[in-house]
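Working notes, beginning with the structure itself.
Please treat every number below as a calculation from the coordinates, not as lab data. Here the structure is a predicted model, which means the values were calculated and not measured. No Cβ is skipped: glycine too gets one built from the backbone with ideal geometry, and neighbour counts run over all protein chains shown.
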Amino acid sequence: MTTRVAIVDDDALVRAGLRMILGGDPTIEIVGEASDGREALTMITAASPHVVLMDIRMPVLDGLEATAELTRRGDRARVIVLTTFDTDELVLTALRRGAAGFLLKDTPPADLVSAIQRVAAGEPILSPSVTSQLIAAVSGGSDARRTRAVALLERLTEREREVAITVARGLSTAEIAAELFMGVATVKTHVGSLFTKLEVANRVHVARIVLDAGLA
């Protein structure tokens, strides 16, 4: 199935570059563009993209607020924040506001296409360097946080702990399946169980618990 993609960035050269990168892929259709968050909300309603590539720093309404508004109104478009900024606070803010992915603008074209396809299929995605940033942010966790993380992980089966550790390493669903010799559907089931047992909403929070516990 063709993935419908919208591009939101206030830099015309960035938008042109993304069009060039994505336009030649037969699995992707560019259905709209916008130069600020407010314009993006109108465009997304009209174009109904599956995935939105969303910049953060924009006039009128920034990408984080636009993402939050899409979440509030229940829009089905899945947002990949695409930015030059990779601080852990920006990553966590974007995810809290409903983003399905966070990539840097220097992401190689093939990886960007893969990320779009994975997010369209319902899988969250983080740039490897962003994952490293989060690891650095939590590597010096407090004793209280470590104790809580260990207690949460004790709720898991041995197989679920293995999956949680691979999630913390930033592996995709397919990569986890290959490494642990499991089916993709089984991995998805385990990941869903992790969200429930660890009381989290996404893979980044799973990774933070694993890291706090000192298991990765």
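Mean projection of the alpha-carbon convex hull of the chain over all orientations, in nm²? List each step's numbers first, then the result.
On the way: hull surface 47.1 nm².
Taking the Cα atoms of the chain, their convex hull projects to 11.8 nm² on average.
Can you give me the distance in nm between label points at ASP106 and ALA121, each placed 7 Å from the Cα along the Cα-to-Cβ direction?
Between ASP106 and ALA121, the simple spin-label model gives 2.8 nm.
If r is the Cβ-Cβ distance from ARG73 to SER114 and R0 is 41 Å, what FRET efficiency results, to the nearest 0.05?
Working: r = 28 Å, r/R0 = 0.69.
Taking R0 as 41 Å, the efficiency between ARG73 and SER114 is 0.90.
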